[in-house]
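The values are calculated or read from the model by the stated rules, or taken from the named source; none is laboratory data. Model, not experiment: these values are computed from the prediction. All Cβ positions, glycine included, derive from the backbone under ideal geometry; neighbour counts span all protein chains shown.
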Amino acid sequence: MAHAIEHRSTTPDELTAARERLASAFAIRDHARGRYESAIGTSSELGAYMRLRQASQKVAACDKWLRWAESDNPLATPRPEHTPFDELVAL
């Protein structure tokens, strides 16, 4: 049975919160990038890289959520990117 999509409206407060989450995710990612660059060539490089990767994924998720919330078509949701490396990380 098909469901009708009712009008979806995103409140200005929700959009503001989504923009703030994206800005915060960018700041965390930038900090993680600096820590990774400092860790290159050390024993903590891999851990710093994984934290940078996680922070980058958070930025992507926040960005996709904000783009969806701002869109006029709720069915046009951005699809997540999947890479072969994701399967290795999940092990």
> residue 53: surrounded by 11 or more Cβ atoms within 10 Å (Cβ to Cβ) and at pLDDT 90 or above, yes or no?
Replying inline: yes
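Here is a yes/no grid of residues against (1) over 30 Å from residue 75 (Cβ atoms); (2) acidic (Asp, Glu):
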residue	(1), (2)
31	yes, no
34	yes, no
45	yes, yes
48	yes, no
61	no, no
64	no, no
> Which members of the range 15-43 meet the condition of being within 15 Å of the chain's Cα centre (by Cα) and of a type in the set (Val, Ile, Thr)?
Replying inline: 28
> Looking at (1) farther than 19 Å from residue 16 by Cβ; (2) at pLDDT 90 or above, which is the only condition residue 76 fails?
Replying inline: (2)
